[in-house]
Amino acid sequence: MSATFLGMPGNFPKNASQAVQNSQLRYNLRKATHTIRGKRAGVVAELPDWQELRAAGKAIKDHTLRNLDRYLVMMEEAVTSAGGTVHWARDAAEANRIVAGLVQATGEREVVKVKSMATQEIGLNEALAEQGIAAYETDLAELIVQLGDDFPSHILVPAIHRNRSEIREIFLDKMPEVPENLTDDPPALTEAARLHLRERFLRSKVAISGANFMVAETGTLVVLESEGNGRMCLTLPETLISVVGIEKLLPSWRDLEVFLQLLPRSSTGERMNPYTSMWTGAVEGQDFHLVLLDNGRTDVLADEVGRQALRCIRCSACLNVCPVYERVGGHAYGSVYPGPIGAILTPQLRGMSSELDASLPFASSLCGACYDVCPVAIDIPEVLVDLRSKAPHPAAERAGMKVAGWILNDHVRLAKAQRAATRLRGLLPKRLPGPASAWTDTRDLPEIPDESFRDWWERGGPDERA
Amino acid sequence: MRVALFITCVNDTLFPGTGKAVVSLLRRLGCDVDFPAAQTCCGQMHVNTGYREEGVRLARHFTEVFAGYDVVVAPSGSCAAMVREQYPKLARPGSRGAAAIAEVAPKVYELSEFLVDVLKKDDVGAYFPHRVTYHPTCHSLRGLRLGDRPARLLRNVRGLELVPLPGAEECCGFGGTFAVKNPAVSAAMGADKTRNILDTGAEVICAADNSCLMHIGGTLSRQRTGVRTMHLAEILASTEEAQ
Amino acid sequence: MSARDEILARIGRAVAGAQDVEIPRGYRTTQQVDDLVGLFAERVDDYRAIVHVIPGGDVPARIDELTGDRRMIVPDGFDRAGGWPELGTADGVITGCAVAIAETGTIVLDHGPGQGTRAQTLVPDYHLCVVRATQIVACVPEAVARLDPSRPLTWISGPSATSDIELNRVEGVHGPRTLEVIIST
């Protein structure tokens, strides 16, 4: 895609207040998230051992993270002995350099890509473009985003914010070969994308992918997908480069029995996604390169509370149940990782020095729906709260909270404050000025009572009543 | 049974009627209600807004105030969840604070839990002849896992017609300081919640948390809908004689 | 310091002192299903693939009937004489499989004898797969245990599909638009 999230201005509340005004977006998101919520709930309910699978998934990931150095070395050995080449990248720039170099070594100027969060995170397409290499996204939603010069807004369905008529417009505008009578019927739009990419698949010599899982014991990489664009990219080109975050590792082959149940049901709400490809090293004469990516992950790993975010398998179930995401969409989060998981992952990967990143831990009502559906039991509210304690606070708020803390820490002070509020309640306007207007713009204030509960109790209220 | 009432700072300051209802209900059910006067606030607002230091101080205060009691009842799913679910994460493992929390936290019950699980009552002899819908607040639904306890209590209230709330399990948009830090999203969530409430045709929207009801009620009142908010305790405290 | 050494050193520092965890495997690793063939057929059908359940002796005739004039790729090792149309011009491919999963309606190819290369089962628009009843297992863990990780594996659950437009499922994108499964009993 031609746009990148890095250095995006603004903050979440500001972005969100604009997004909630967009009624088309609200409608698209509501429809999509409610549909997939229902599908997920149905297929999860089919498995009587879902909670046991979830507990196993969580523990496998925690065990892997605890022993990540050992398992990465094991992975490297297994891939190498199966004819692949392993590269290590400390950060985005290093990963982009490695990939560009590998593409240049083939003499090609074009690559096809399988949808991959890691390569979006490092801005690979933009980095390749600078080297004169064109990267073509092949997942339908990524294609819509790329052709529309747009940002992805969802982990699984990056074009979730677009409806069929908008997609039709993009295709008519950007695909020279589509007929003008193209309808906005999803099968017709899908057929247009199929034809658009067909030739490219058959002639491309280099493909770039990510991976959903890698198995240390065997050196196997695993990609789950639906459309077959993944299979096209993984099998037809002569050179395959996979850029994979170091946390995608699983220790043993057997562990796939857990994750191949957790991921499809949580993600697309299916018993199994249409296609899963697994390969170990260089297969069927292909040249295979694995780029292991850190890019901030080891910093996340060092945080005792925050490291659980590295369990994430990018299913996007948390986005689909999030009431905040449902109303604002993904762009407001200013990151390739939107929604609840983005609100804990982005500030950890990028730090909280920008206004936007510092606002992300507050982009939640802490309702806990994300934690309930997470297939690897990431306690997202816990991490949000922890990040909030590390985030910078506005000076006025800090002062107000200090005063509130001082009053609340002593019942005598609290009682005095309550009585003062009762005495002064007549002065309280219906609409408050300044920051407090955030409440009264849309809501009335509760009435301040004649006396607090404690004053009623102290003066013998309960017995008076009896 | 001797019960310590943890009124919570929001109820104490803004909704004393809820506290009075809890006292009258628990006395009616034969409990000896004590109100430890030194109590203040569980610290949830501070902790959840990122002021951990102040929050920890309030948590320490809470554990000191309620240390001697066998049962602590709070008419708030959110504050009870704070003590039970979040307090254990605030103290360093093995510290004195951790031990104090481990001692107190399991004795803290949300009101409906106390009624159903401890007193073993799902009929408290209440009378409330109105059409009511119930919003399970997030921390009582997903934090404490109250399940159908509040609904069971409400279904046994004489004269009460309990109507299901569409999208009940969705957050109302309050979220503590979220309501003012992200007012646009909070208001959008509140608007959807109130639309669902109005669709039920209920006269009263009931919940186990006055903080959420303050947001829902503030929205309903601004829209001049005429729908009242009532804490669960207030409905359960109503009797035929009192009507 | 190389990137490799630096990343490994960062990990070492990050997890120093962290507790390791036991992995609880209380989930089902095997399942008792009375009618494996029936469940598999039902679940494949749910993906809008076409399913035939027929006795082994009837399979050759059924294949002839289904493939008719189609220019089919018939991989080495598949128990039937066949042609070798060019990959780009073939109408279809016919394969066996390594294992099939009843609970999820999944076919797994390990691209061994009779299963073709990965490209051969992908590029043609029609995939006819013959599954022997004995190849069907109940659940995912049973399948994982039977598979050889050193082989390239392709798990197929229905025809290719997308839900990228308003989460409306559309069958048939880049992979075969028609998946037909013959279960040989």
Item checked: Residue ID - farthest from the other protein chains (Cβ to nearest Cβ), chosen from residues in the range A:233-246 that are crowded, with 22+ Cβ neighbours inside 10 Å and under 24 Å from A:Asp91 (Cβ atoms) -> A:Ile241
Check: Can you name every residue in the range C:23-78 that is outside any helix (DSSP H, G or I), β-branched (Val, Ile, Thr) and touching a residue at least 12 places away in the same chain (Cβ under 8 Å)?
Finding: C:Thr29, C:Thr30, C:Val33, C:Ile50, C:Val51, C:Val53, C:Ile54, C:Ile73, C:Val74
Notebook entry, point to check: Residue check, B:Gln39 against (1) open to solvent by less than 10 Å² (accessible area, probe 1.4 Å); (2) in a helix (DSSP H, G or I), all met but one. Which one?
Noted result: (2)
Next item on the list: Sort out which residues of the range C:138-185 are of a type in the set (Ser, Thr, Tyr) and either within 9 Å of chain A (Cβ to nearest Cβ) or surrounded by 22 or more Cβ atoms within 10 Å (Cβ to Cβ) (or both), and write them in order of number.
Entry: C:Ser150, C:Thr154, C:Ser157, C:Ser160, C:Thr162, C:Ser163
Next item on the list: Could you please tell me which pairs satisfy a Cβ distance under 6 Å, a separation of 6+ or placement on different chains, a first residue in the range B:178-191 that is of a type outside the set (Phe, Trp, Tyr), and a second residue that is open to solvent by 30 Å² or more (accessible area, probe 1.4 Å)?
Entry: B:Asn182/A:Pro13; B:Ala184/A:Ser17; B:Ala187/A:Thr442
Notebook entry, point to check: Residues A:Glu108, A:Glu126: which one is of a type in the set (Asp, Glu), part of a helix (DSSP H, G or I), touching a residue at least 12 places away in the same chain (Cβ under 8 Å) and more than 10 Å from chain C (Cβ to nearest Cβ)?
Noted result: A:Glu126
Notebook entry, point to check: A:Pro381 fails exactly one of the following numbered conditions: (1) part of a loop (DSSP other than H, G, I, E, B); (2) within 30 Å of A:Leu263 (Cα to Cα); (3) in contact with a Leu (Cβ under 7 Å, 6 or more places away or on another chain). What is the number of that condition?
Noted result: (1)
Next item on the list: Having 2 or more residues that are without any contact (Cβ under 8 Å) to a residue 24 or more places away in the chain is the bar; report the strands (runs of 3 or more DSSP E) wholly within the range C:114-185 that clear it.
Entry: C:161-165, C:168-171
Notebook entry, point to check: What number goes with the only condition from (1) facing another protein chain (nearest Cβ under 10 Å); (2) open to solvent by less than 70 Å² (accessible area, probe 1.4 Å); (3) within 22 Å of C:Pro159 (Cβ to Cβ) that C:Ala18 does not pass?
Noted result: (3)
Notebook entry, point to check: Within the range B:125-141, how many residues are open to solvent by less than 40 Å² (accessible area, probe 1.4 Å) and either in contact with a Pro (Cβ under 6 Å, 6 or more places away or on another chain) or under 16 Å from B:Ala208 (Cα atoms) (or both)?
Noted result: 8
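Pick out the one residue from A:Ala141, A:Ala92 that is under 23 Å from the mean Cα position of the chain (by Cα), assigned by TED's automatic domain parsing to the domain that holds A:Ile208, open to solvent by less than 10 Å² (accessible area, probe 1.4 Å) and within 18 Å of A:Tyr337 (Cβ to Cβ).
Result of the check over A:Ala141, A:Ala92: A:Ala141.
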Note to self: Pairs please, first residue from the range B:115-131 and within 7 Å of B:Val157 (Cα to Cα), second anywhere and exposed (fewer than 14 other Cβ atoms within 10 Å of the Cβ) and of a type in the set (Lys, Arg), Cβ atoms under 8 Å, 6+ apart in sequence or on different chains.
What the structure shows: B:Ala126/B:Arg158; B:Tyr127/B:Arg158; B:Phe128/B:Arg158
Item checked: Within the range B:192-208, considering residues that are open to solvent by 20 Å² or more (accessible area, probe 1.4 Å) and in contact (Cβ under 8 Å) with a residue 40 or more places away in the chain, the one nearest to the chain's Cα centre (by Cα) -> B:Glu203
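The values are calculated or read from the model by the stated rules, or taken from the named source; none is laboratory data. The model shown is predicted, which means the values in this text are computed figures rather than measured ones. Note that each Cβ is placed from the backbone with ideal geometry, even for glycine, and that neighbours are counted across all protein chains shown. All accessible areas refer to the heavy atoms of the entire protein, side chains included, with ligands and DNA or RNA removed. Shrake-Rupley method; radii C 1.70, N 1.55, O 1.52, S 1.80 Å.
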